[in-house]
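The structure appears right after this line, and notes come after that.
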Amino acid sequence: MQRFSFLLVSLALGASRVAAQQVDAASETVASETVHGSPDEGASDAEPEDPGTRASAESDTETAGAVDSDAGHAAGEPAFEPFDWSLVPLPVATSDLGVGGAALANLVWFDGEHTPFRQRLLVAATLTHELFQTYALVFERVGLGASKVRLRANLVFAANPANHYCGVGNDAECNRRLAESAVLDLGLNPGEMGYDRTVDRYFRQRSVSLSGGLGVRIPLARQGHWLDVSWRGERSWSGFFGEPGPYPLSAYARDQPEGEEGFASELGFGWFLDRRDAEVRTTSGFVVGAYLRGATRAIGSEWSYLGGTAFVAGYQPLDARRRWVWASRLVADVVGGDTTTRELSRFGGLWTGNGFGGSAYGRGIRANRFLGGVKVVTQSELRGTLHELESGLAFGAQAFVDLGLVGESIDAWGGDGLGPRLGFGGGVSIRWARLFQLRVDVAVSPSESFAPQFYLALFDPF
């Protein structure tokens with residue numbers, strides 16, 4: 001009950017001022033950043049990422065609500081506000097990374113013509129008691145000259161002492177019994193100094209990273225079609241503050257004795273067709289697309305690989321008021337070449353994230369539980385609004401199922417242990433107008449002996 005009260009107070013303090021102005025005056029100004037526990041998009045999938053663009057000019061006009069100041073006054077509406085800001089403190093609770101807090105600061109500019117905003121600056125910070133931490137800076141601009149080109153840039157520092165590493169492939173095993181057996185084989189016995197600590201960390205790895213990205217989305221001649229071009233750079237270090245290298249005697253140290261340190265430089269290119277009615281809290285429509293990404297020494301990368309992602313997502317309202325929505329997506333990701341384990345856990349495309357396992361892909365399974373060069377995931381989710389107050393505060397619920405197949409590589413796609421991995425669960429949500437949504441989810445999986453995994457996130461994963 002205390003946590004529930006804190007969430008309401010946090011939302012009210014941070015969002016009430018923003019909701020009163022933005023919803024009535026300018027446009028839907030939501031940022032699709034999540035604060036959750038999957039540990040690695042540059043060590044964390046907490047890295048902010050916008051989920052797409054508006055589906056059509058008609059939906060842009062409907063949601064933007066940009067009106068002439070005199071006309072707005074004549075209709076009894078508040079005056080247009082070109083600038084707004086919000087500061088939202090939030091608790092963070094995940095089964096992977098512990099309990100802590102986050103803070104999100106948004107500065108948003110409007111001009112009444114571009115949606116969902118003209119410019120936005122986001123600053124986000126997360127810290128848990130496990131010392132997992134991310135600090136992010138994101139800038140976006142919609143419109144370059146007279147065009148609707150969308151620009152974005154981000155800079156993220158992340159440090160994670162508690163990432164999982166169980167091996168590669170769909171049949172990788174990761175439990176305490178195996179850890180105890182492996183530590184015994186290494187010559188440590190129960191009761192000896194360091195035995196329990198080594199067992200606890202046997203399937204863990206630690207890393208620090210600094211990453212940045214630049215991207216541009218260009219509208220094509222046909223309505224709803226977009227071209228996306230991006231660059232991502234990441235400098236990673238194996239270890240944690242003052243403790244270099246992998247955890248001694250760990251599974252990761254066995255496979256990567258020196259860790260995986262260096263600079264990755266990646267170019268991305270993609271196309272997608274967006275017919276959703278909104279970027280965030282989508283209630284109808286679909287989005288489909290394909291992306292290519294690659295790293296090579298010619299652009300400064302210490303690793304060379306090529307990857308591709310194809311995806312489709314659909315949204316179906318189940319009632320006339322769109323209070324209940326069925327959402328589903330299918331994502332296939334392939335990467336090969338000289339890759340790192342970090343890249344084997346990463347999904348490219350419109351929704352970057354990590355899996356299979358974690359709060360983005362494979363809910364109910366420990367983060368980064370299954371790594372591989374081939375990943376196919378399907379997710380379905382029922383989202384509903386249970387009760388909504390006149391103030392704009394709404395209470396909702398959701399239920400979901402995630403199913404995935406992971407192969408070590410294209411050559412080993414049909415190898416041993418290639419069975420489906422399942423996770424399912426549900427949760428509740430609190431929404432303030434169209435600006436903020438806070439989800440609390442609990443999920444289980446047969447792969448984890450039905451041990452509950454829990455997540456706290458901003459906005460829906462897709």
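The values are calculated or read from the model by the stated rules, or taken from the named source; none is laboratory data. The shown structure was predicted, so the numbers you read here are calculated from the model rather than taken from an experiment. Cβ atoms come from the backbone with ideal geometry, glycine included; neighbour counts cover every protein chain shown.
Is there a residue being closer than 20 Å to Asp228 by Cα, surrounded by 21 or more Cβ atoms within 10 Å (Cβ to Cβ) and either among the β-branched types (Val, Ile, Thr) or at pLDDT 95 or above (or both) anywhere in region 334-346? Yes, region 334-346 has at least one match.
Suppose we keep only residues that are aromatic (Phe, Trp, Tyr) and over 17 Å from Leu458 (Cα atoms) within region 118-145. Which one would you say is surrounded by the fewest Cβ atoms within 10 Å (Cβ to Cβ)? Please lay out each step first, then the result.
Within region 118-145, the subset aromatic (Phe, Trp, Tyr) is 132, 135, 139.
Imposing the further condition that a residue be over 17 Å from Leu458 (Cα atoms) reduces the set to 132, 139.
Details: Phe132: 25, Phe139: 14.
Within region 118-145, the match that is surrounded by the fewest Cβ atoms within 10 Å (Cβ to Cβ) is Phe139.
Within region 134-147, is even one residue within 27 Å of Ala93 (Cβ to Cβ) and touching a helix residue (DSSP H, G or I) at 6+ places or on another chain (Cβ under 8 Å)? Looking through region 134-147, none of the residues is within 27 Å of Ala93 (Cβ to Cβ) and touching a helix residue (DSSP H, G or I) at 6+ places or on another chain (Cβ under 8 Å). When Glu279, Glu243 are screened for being modelled with pLDDT under 95, surrounded by 17 or more Cβ atoms within 10 Å (Cβ to Cβ) and among the charged types (D, E, K, R), only Glu279 passes. Take the residues of region 372-394 that are more than 19 Å from the chain's Cα centre (by Cα) and polar (S, T, N, Q): which is surrounded by the most Cβ atoms within 10 Å (Cβ to Cβ)? The residue in question is Thr385. Count of region 348-369 residues, restricted to those that are within 21 Å of Gly289 (Cα to Cα) and under 10 Å from the mean Cα position of the chain (by Cα), is 6. Residues that are more than 25 Å from Leu220 (Cβ to Cβ), among the β-branched types (Val, Ile, Thr) and under 18 Å from the mean Cα position of the chain (by Cα) within region 280-299 are absent altogether.
When Asp171 is tested against (1) touching a Gly at 6+ places or on another chain (Cβ under 6 Å); (2) within 24 Å of Glu261 (Cβ to Cβ), just one condition goes unmet, and that condition is (2). If you go through region 321-365 and pick out every residue that is farther than 19 Å from Gly407 by Cβ and either touching a strand residue (DSSP E or B) at 6+ places or on another chain (Cβ under 6 Å) or touching a residue at least 12 places away in the same chain (Cβ under 8 Å) (or both), you end up with 15.
The set of residues in region 108-143 being more than 30 Å from Gly239 (Cα to Cα), touching a residue at least 24 places away in the same chain (Cβ under 8 Å) and not aromatic (Phe, Trp, Tyr) consists of Val108, Asp111, Gly112, Glu113, His114, Thr115, Pro116, Arg118, Arg120, Glu140, Val142, Gly143.
Within region 81-110, take every residue that is β-branched (Val, Ile, Thr) and under 17 Å from the mean Cα position of the chain (by Cα) and give me the one that is nearest to Val444 (Cα to Cα). The extreme case among them is Thr94. The set of residues in region 395-431 that are at pLDDT 85 or above, surrounded by fewer than 18 Cβ atoms within 10 Å (Cβ to Cβ) and small (Gly, Ala, Ser) comprises Ala397, Ala399, Gly426.
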